[in-house]
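A short write-up of the structure that comes next.
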Amino acid sequence: MRLRVTFSKGGVLAYTSHLDLVRVWERTLRRARLPLAYSGGFNPRPKLQLAAALPLGHTGGAELLDIWLDESLPVENFARALAPVLPDGLLVSQVRQVILKEPSLPAQIVAAEYHVTVEWSEPAEVVQVRIEQVMAAPELAHERRGRQYDLRPLIERLWLERAGEGEVVLGMQLAARAGATARAEAVLEVLGMGEAFAHYHRQRLLLRAVALGDG
């Protein structure tokens with residue numbers, strides 16, 4: 001049985017690394033005494049898979065985790081067993097069953113939506129001009145870890161949520177495919193806001209449609 005858990009990550013876990021978050025989930029699932037499926041080999045581990053790593057310091061509103069069980073049980077029973085052992089910083093909003101032969105969860109991710117709160121004093125109309133200039137640019141040359149790339153096609157949508165009282169909230173839909181992933185920090189840099197203090201919240205992950213024959 002394969003279950004997909006939608007959860008939020010924040011609070012004390014905002015600075016937990018991807019690998020440490022996997023360990024947090026392993027401990028939590030064991031405490032819930034659920035019939036977990038395990039990998040083979042000399043060091044068997046619970047079979048689970050996070051959709052996409054969340055950078056340190058970022059919070060997430062609808063992160064995704066796939067969990068494999070050795071036996072079937074009602075989704076409601078799974079959620080009920082999990083609720084009392086969840087650590088501070090994790091909150092489950094949905095559990096649903098998915099077909100076993102679906103492609104891996106990371107392979108299904110195509111984009112991510114962010115809400116970024118920036119300490120910024122410019123009025124909304126000035127910020128809007130910055131956004132329009134970025135979206136109208138034919139190319140946005142950028143560098144990461146010594147590699148040059150064009151950021152522009154990776155910014156699928158960019159909009160202003162609100163501005164005022166010394167802060168700006170931006171919405172971003174960014175590509176998140178293998179070999180074509182944009183960072184929200186890079187978008188702030190091309191907007192000319194890269195030096196400002198910002199809080200990054202990944203609102204949701206967007207998955208490609210999966211046909212029953214995939215995988």
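Read the figures in this text as sums done on the coordinates, not as results from a lab. Since we're looking at a predicted model, the values are computed, not measured. Note that we place each Cβ from the backbone using ideal geometry, even for glycine, and neighbour counts take in every protein chain shown.
Summary table below
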| read-out | value |
| --- | --- |
| Residue match in the range 108-126 (condition: among the small types (G, A, S), under 28 Å from V5 (Cβ atoms) and out of contact with any Asp or Glu (no Cβ under 8 Å at 6 or more places or on another chain)) | yes |
| Tabulated pairs, the range 123-137, first surrounded by 13 or more Cβ atoms within 10 Å (Cβ to Cβ), second among the charged types (D, E, K, R) and not in a helix (DSSP H, G or I), C-beta under 6 angstrom, 6+ apart or interchain | none |
| Test for E102: is it free of Cβ contacts under 8 Å to residues at least 40 places away in the same chain, among the charged types (D, E, K, R) and at negative phi | no |
| Subset of the range 151-184 [without any contact (Cβ under 8 Å) to a residue 24 or more places away in the chain and either among the aromatic types (F, W, Y) or surrounded by 14 or more Cβ atoms within 10 Å (Cβ to Cβ) (or both)] | R152 |
| Restricting the range 89-121 to residues that are within 30 Å of G192 (Cβ to Cβ) and of a type in the set (G, A, S), the residue that is nearest to the chain's Cα centre (by Cα) | A112 |
| Any chance A107 is touching a residue at least 12 places away in the same chain (Cβ under 8 Å), out of contact with any Ser or Thr (no Cβ under 8 Å at 6 or more places or on another chain), in a strand (DSSP E or B) and crowded, with 16+ Cβ neighbours inside 10 Å | no |
| Elements of type strands (runs of 3 or more DSSP E) contained in the range 136-215, each with 2 or more residues being within 20 Å of V116 (Cβ to Cβ) | 141-144, 155-164, 167-177, 198-207 |
| Residues located in the range 45-92, provided they are touching a helix residue (DSSP H, G or I) at 6+ places or on another chain (Cβ under 8 Å), without any contact (Cβ under 8 Å) to a residue 40 or more places away in the chain and outside any strand (DSSP E or B) | R45, A53 |
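Residue by residue, here is whether (1) in contact with a strand residue (DSSP E or B) (Cβ under 6 Å, 6 or more places away or on another chain); (2) surrounded by 17 or more Cβ atoms within 10 Å (Cβ to Cβ) holds:
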position: M1; (1), (2): yes, no
position: T16; (1), (2): no, yes
position: L48; (1), (2): yes, yes
position: T59; (1), (2): yes, yes
position: E76; (1), (2): no, no
